[in-house]
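See structure below.
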Amino acid sequence: MIFRTIIITIVACLSFLAEASAQTSDSLIVSQLQREGISFSHNNSVTLLMSGQEKFDDMFKAIRQARSSVHLEYFNFRNDSIASLLFDILAEKAKQGVEVRALFDGFGNDSNNRPLRKRHLKDIRSKGIEIYEFDPVRFPWINHVFHRDHRKIVVIDGQIAYTGGMNVADYYINGTPQVGEWRDMHCRIEGDEVNTLQDIFLRIWNKTAKQNVHGAKYYRNANGGNYFEGLKPDTCHTAGKKMVGIINREPRTTNKIIRSFYCNAINDAKDSIKLVNPYLTLTHKLKKTIKKALKRGVKMEIMVSAHSDIPLTPDCVFYNVHKLMKRGADIYIYEPGFHHTKIIMVDGRFCTVGSANLNSRSLRFDYEENAVIIDPATTAELSRMFDRDKTRSFKLTPKKWKEFRSPWKRFVGWFAHLLAPVI
C-alpha cells in the first residue's frame, strides 16, 4: 500500500513537471502574476518611445490636447528648459480649466543638481498647477534612507498614459559632459491598463496631498473614443489587442512583486533573455536565478553602460557582469553614454518597460512600477532596439576585461559588490 502511494505520487509529480515544461514562458508568467493579484487586460496599444526626444515630443503633444485632467508622478523634475516648457504647457491647460496635478519625490528632487526650490514651487502653484512633494527630506534626514517614489507615470484625461525610465530633464535629449549620451526609453499605453496607472497615481496623490480625488471622470471610457491626434502610432498588427498588466511595488503591501516577476521571468525562459538595466547590482536570489538559466542553456544577453551618473555602483555592475560572462552570458558594454533603460525580453514572447532597477533599492525599498507586455510584436520591437544598440557597444571577453578594468578597478569592483545590499 505504501509502495503504491509512493508510485502514484512520483507519477503525479512527473506529470506536473512535464506539464510545466510544456507551457510557454508567457503563459507561465501570466499565471504566476495572476496568483500574486495582478490583473491583465487585452485591449491595449503600446507605443514604444525610443528616445528622450520622442518621449517629450509625443507627451507634450498629448498634454496640449487634454480636456479634463493631467496627472504626473516623477522621481524628479529637473529645473531646466524641458521642465520649464512642461510647466508652461501645464499652466496653459490649467488656465483652460484642466485639472493639473504633479507629484515628485523629496529625495529625487534634492539629489539632482538643479532641484525645484520653494520659489519655483510657489510660481508653479500660482499658475493653477497643484504640485506636491512626496516625503520631503527633513532633518535628521533618515526618512529617505528607505522608501522613495521612483515611479514615472503620466495619465491624461484617464485615456492615455506614459510610463518608463525617464524623469523630466534636458539630459535625456542632450546628454551630459560627464557621461555623454543619456540613453533611455518610455512607452505610451492606451487601453484598460491606463485605469490601473490612474489608480496608482490617485492612491499616492491622495495620501500625499491629503485629498480625496476620485470618480468616473478620471478613468477610461470605453465608448468615449480616442480624440488625441498626431501622436506616434502603435504600428504592430496587435495594436489595440495587446495583453498588458501593471506590476506596482509599494512598501508593506506589494513588497516582493517586482522581485518575483524578474526571478520568475528568468526561471520561465526556455530559449533566450535580453536584458538592459543601468544599476545591475543584483540581489543574491537574482544572481542565483540567472546562473541557473545559463546552466540550463538559455542564451542570455545583458547590456550595461561604460559610463554612469553615480560612483561605486558601476564598479559593482562590472564585477557582476564579468562573473556572468564567465558563466556563459553575452555581455555588451554600451559605449556612447549612459544606458538608463530598464527592460527585459524573454523568449521573444513578453517584455517589460518601467522604472525598476535591478538593485536592492528598487526591489526592496522604493515605490516602483513596470508594464508587463505579453506580446511578441512589442517584444520584437524592443529586441531590434537592443540589437541596434549592440552595434554601439563592445562585447566583453577575457582579453577585453583586462583592457577595460585595471587591477585597481577590479579590486574596487570586488569591494563594491560587498555593498550590493545598500547601493
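Data for the structure
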item: Cα gyration tensor category, rounded, prolate or oblate, for segment 310-382 with a/c compared to 1.5; result: oblate
item: Gain in span if fully extended, ARG35 to GLU335, counting 0.36 nm per residue against the direct Cα distance; result: 104.0 nm
item: Estimated inter-spin distance, TYR227 and ALA22, nm [label 7 Å along Cα→Cβ]; result: 5.1
item: Segment 150-245: relative contact order in percent, alpha carbon pairs under 8 Å with at least 6 residues between; result: 28
item: Per-residue [θ]222 nm for the chain (sum of -39500 (n - 2.57) over DSSP H runs n ≥ 4, rounded to 500); result: -12500 deg cm²/dmol
item: Protection proxy ranking of 66-72, 78-84 - average other beta-carbon atoms within 10 Å, highest first; result: 66-72, 78-84
item: Likely footprinting exposure, PHE415, PHE404, PHE139, fewest C-beta neighbours within 10 Å first; result: PHE139, PHE415, PHE404
item: Zone residues, segment 181-210, relative to ARG114, backbone N less than 17 Å from point 7 Å out along Cα-to-Cβ; result: 181-183
item: For segment 390-405, Karplus couplings with θ = phi - 60° (6.51, -1.76, 1.60), whole Hz, Gly/Pro x; result: 4, 6, 10, 10, 10, 7, 6, 10, x, 5, 5, 4, 5, 6, 7, 10
item: Percent of beta bridges antiparallel (DSSP, the chain, rounded to nearest 5); result: 65
item: Using θ = phi - 60° and Karplus 6.51 cos²θ - 1.76 cosθ + 1.60, couplings along segment 306-320 (whole Hz; Gly, Pro as x); result: 5, 10, 8, 8, 9, x, 6, 3, x, 4, 5, 4, 5, 4, 5
item: GluC sites (Glu not before Pro), loop per DSSP, at most 16 other Cβ atoms within 10 Å - longest free stretch of the chain; result: 230-423
item: DSSP beta bridge pairing in segment 242-370, given as percent antiparallel to the nearest 5; result: 55
item: R0 of 45 Å, Cβ-Cβ distance LEU85-LYS292: FRET efficiency to nearest 0.05; result: 0.45
item: Simple label model, 7 Å out from Cα along Cβ direction - LYS299 to ARG252, nm; result: 4.7
item: Sorted by Cβ density within 10 Å, fewest first, the residues TRP408, TRP205, TRP182; result: TRP408, TRP205, TRP182
item: For PHE134, residues with placed amide H under 5 Å, excluding near neighbours; result: PHE104, ASP105, GLY106
item: Ranked ASP192, ASP88, criterion: other C-beta atoms within 10 Å, fewest first; result: ASP88, ASP192
item: Relative contact order of segment 162-215, defined on C-alpha pairs under 8 angstrom at six or more residues apart (%); result: 28
item: Kirkwood Rh, Cα atoms: Rg over Rh of segment 364-404; result: 1.19
item: From phi via Karplus (6.51, -1.76, 1.60), per-residue ³J(HN,Hα) for segment 203-214 in Hz, x at Gly/Pro; result: 5, 7, 4, 5, 5, 7, 8, 6, 10, 9, 7, 7
item: The chain, relative contact order in percent, only Cα pairs under 8 angstrom and at least six apart counted; result: 19
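No lab work stands behind these numbers, since they all come straight from the coordinates. For clarity, every value in this text was computed on a predicted model and none was experimentally measured. Note that we place each Cβ from the backbone using ideal geometry, even for glycine, and neighbour counts take in every protein chain shown.
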